[in-house]
Amino acid sequence: MTIPTVTLNDGVSIPQLGYGVFLVPSEDAERAVTEALEIGHRHIDTAAIYGNEAGVGAAIAKSGIPRDELFITTKLWNDRHDGDEPNAAIAESLEKLAIEQVDLYLVHWPTPAKDNYVHAFSKLIELREQGLTRSIGVSNFLVPHLERVVAETGVTPSVNQIELHPAYQQRDVVAWAADHGVRIESWGPLGQGKYDLFGTPAVAEAAAAHGKTPAQIVIAWHLHKGNIVFPKSVRKERMIENFDVFGVSLTDAEVAAIDALDPLDGSGRVGTHPNDLN
Ligand code: NAD
């Protein structure tokens, strides 16, 4: 199975589909990531705050897969933006992951009330120059945060990892990213199971038409949009299901029907508003 890749604005190539490990307890992460790699994943999305980098690292080491065939993302947590803290934070992440360089390092949240995300991103520029990460990006950034980072550092992040699913599409951030060469990574791509996305006619009818599950249709919709996506499940059968999505070619009408799901009754963010997390 060949996983499609996306070339980022710095020339780095990233598998468009990956495996995310948010809320996977450290003791389960080694098993889950081992299974994900066996299924065929080569892109793992973790974060310092997930507390499972050591489990991810153990799975990487045990897999025997050459390092250059893997794409590993981790993230700088909110209390480590100031001073040289980002240098210490990435050193700790690399030690836990037992690798010498990550492929992508992200400022996890902008924490705008602290007004230190521009500094944090400027430190990521240095970390990339030092070879500790190949690519640098941000997460949960809104348009004003993105504009400031670009204006004040002169560097455009390679990705913005944001909450994005059919019931919450962040069209303003997506449009800005498209205009500025920033790729979108969709977190919570299945809405974390908090909305009945799978029961909507748009998703259910496409699933029936393609002989696929609703989850596969939603993942195919993300891929169709050009977004990078890493759905999470710790259940092997769902991991296999979520990986078996490349043959699905949605019609324009199916894509339009899923696009029309935002707003869905009662929908919105499943996560915290980026301005409120500090
Ligand atoms: P998700 O939308 O991938 O939802 C995961 C949940 O969906 C699972 O717990 C399970 O209940 C359900 N699910 C998964 N596969 C299914 C299937 N085939 N059928 C039915 N239900 C299924 O949400 P997520 O885990 O929050 O997001 C994916 C990844 O995004 C995370 O693991 C993490 O790597 C990243 N993330 C990043 C941030 C951030 O702030 N940058 C925040 C949250 C998540």
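Residues are listed down the side, and each one gets a yes or a no for (1) on the phi > 0 side of the Ramachandran plot; (2) of a type in the set (Gly, Ala, Ser); (3) over 18 Å from the mean Cα position of the chain (by Cα):
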position: Asp79; (1), (2), (3): no, no, yes
position: Pro86; (1), (2), (3): no, no, yes
position: Glu92; (1), (2), (3): no, no, yes
position: Ala98; (1), (2), (3): yes, yes, yes
position: Pro112; (1), (2), (3): no, no, yes
position: Ser122; (1), (2), (3): no, yes, yes
position: Leu127; (1), (2), (3): no, no, yes
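I'd like the residue in region 39-55 that is closer than 21 Å to Ser13 by Cα and not in a loop (DSSP other than H, G, I, E, B) and, out of all such residues, is nearest to the ligand (Cβ to nearest atom). The qualifying residue nearest to the ligand (Cβ to nearest atom) is Asp45.
The set of residues in region 59-77 that are surrounded by fewer than 20 Cβ atoms within 10 Å (Cβ to Cβ) and assigned to a helix (DSSP H, G or I) comprises Ala61, Lys62, Ser63, Arg67, Asp68, Glu69. Could we say that Arg183 is of a type in the set (Lys, Arg), surrounded by fewer than 24 Cβ atoms within 10 Å (Cβ to Cβ) and under 14 Å from the mean Cα position of the chain (by Cα) here? Criteria met by Arg183. Filtered by the rule that a residue be assigned to a loop (DSSP other than H, G, I, E, B) and surrounded by fewer than 19 Cβ atoms within 10 Å (Cβ to Cβ), region 13-38 gives Phe22, Leu23, Pro25. Cβ-Cβ distances below 7 Å connect the following pairs, each with a first residue in region 41-66 that is among the basic types (Lys, Arg), a second residue that is outside any helix (DSSP H, G or I), and a separation of six or more residues or different chains: Arg42/Ile3; Arg42/Pro15; Arg42/Leu70; Arg42/Phe71. Candidates are the residues of region 39-51 that are within 16 Å of the chain's Cα centre (by Cα) and not small (Gly, Ala, Ser); the one that is surrounded by the most Cβ atoms within 10 Å (Cβ to Cβ) is Thr46.
When region 113-156 is limited to residues that are open to solvent by 50 Å² or more (accessible area, probe 1.4 Å) and in a loop (DSSP other than H, G, I, E, B), the one that is nearest to Leu8 (Cα to Cα) turns out to be Gly154.
Applying the condition of being within 16 Å of the ligand (Cβ to nearest atom) and β-branched (Val, Ile, Thr) to region 72-118 and asking which residue is nearest to Ala47 (Cα to Cα) yields Thr74. The condition of being crowded, with 16+ Cβ neighbours inside 10 Å, within 30 Å of Arg134 (Cβ to Cβ) and hydrophobic (A, V, I, L, M, F, W, C) holds for only one of Val174, Val255, that being Val174.
Considering region 191-240, the residues that are open to solvent by 50 Å² or more (accessible area, probe 1.4 Å), touching a helix residue (DSSP H, G or I) at 6+ places or on another chain (Cβ under 6 Å) and near the ligand (Cβ under 8 Å from one of its atoms) include one that is nearest to Ile72 (Cα to Cα), namely Val234. Restricting to region 100-110, name every residue that is open to solvent by 20 Å² or more (accessible area, probe 1.4 Å) and either among the aromatic types (Phe, Trp, Tyr) or over 19 Å from the mean Cα position of the chain (by Cα) (or both). The answer is Glu100, Trp109.
The values are calculated or read from the model by the stated rules, or taken from the named source; none is laboratory data. Since this is a predicted model, take the numbers as computed values, not measurements. Glycine gets a Cβ as well: all are built from the backbone with ideal geometry, and neighbour counts include every protein chain shown. These area figures cover heavy atoms from the full protein model, side chains too; ligands, DNA and RNA do not enter into them. Shrake-Rupley method; radii C 1.70, N 1.55, O 1.52, S 1.80 Å.
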